[in-house]
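The values are calculated or read from the model by the stated rules, or taken from the named source; none is laboratory data. The shown structure was predicted, so the numbers you read here are calculated from the model rather than taken from an experiment. For neighbour counting, all protein chains shown are included, and Cβ atoms are generated from backbone atoms with ideal geometry for every residue, glycine included.
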Amino acid sequence: MSPIRCAYHPDRDALQYCNRCGKPICNDCVVRGAGGNLCRSCAEGLRRPGRPRSAQTWLWVAAGLALLLLWLLPRVLR
C-alpha cells in the first residue's frame, strides 16, 4: 500500500486532510485556523474580502427598491 501524497507536493506524504474540501496535505501546506486545518486554496477563499452576492440576493434587493418606489411615488406626486 502506497502512502497518500500531498495535493500540492506529490513528493511528500500527506499527514492531514483539509477540513473543508478533504484534500490530503503535508505539514508545510496546512493552514491552521478557527475552521480547523485547511489547504491553501480553502484558506485563500476564506481570506477574500466580502462575499459575492448571488442572483437571488440581487432579486430581493430589486424587489425591495421597487416596493419602496411604489410606496413613495404617490406621496411625492401629490
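The residues of region 22-62 that are assigned to a loop (DSSP other than H, G, I, E, B) and at pLDDT below 85, listed by number, are ALA34, GLY35, ARG48, PRO49, GLY50, ARG51, PRO52, ARG53, SER54. Scanning region 1-21 for residues that are under 13 Å from CYS42 (Cβ atoms) and in a loop (DSSP other than H, G, I, E, B) yields a total of 6.
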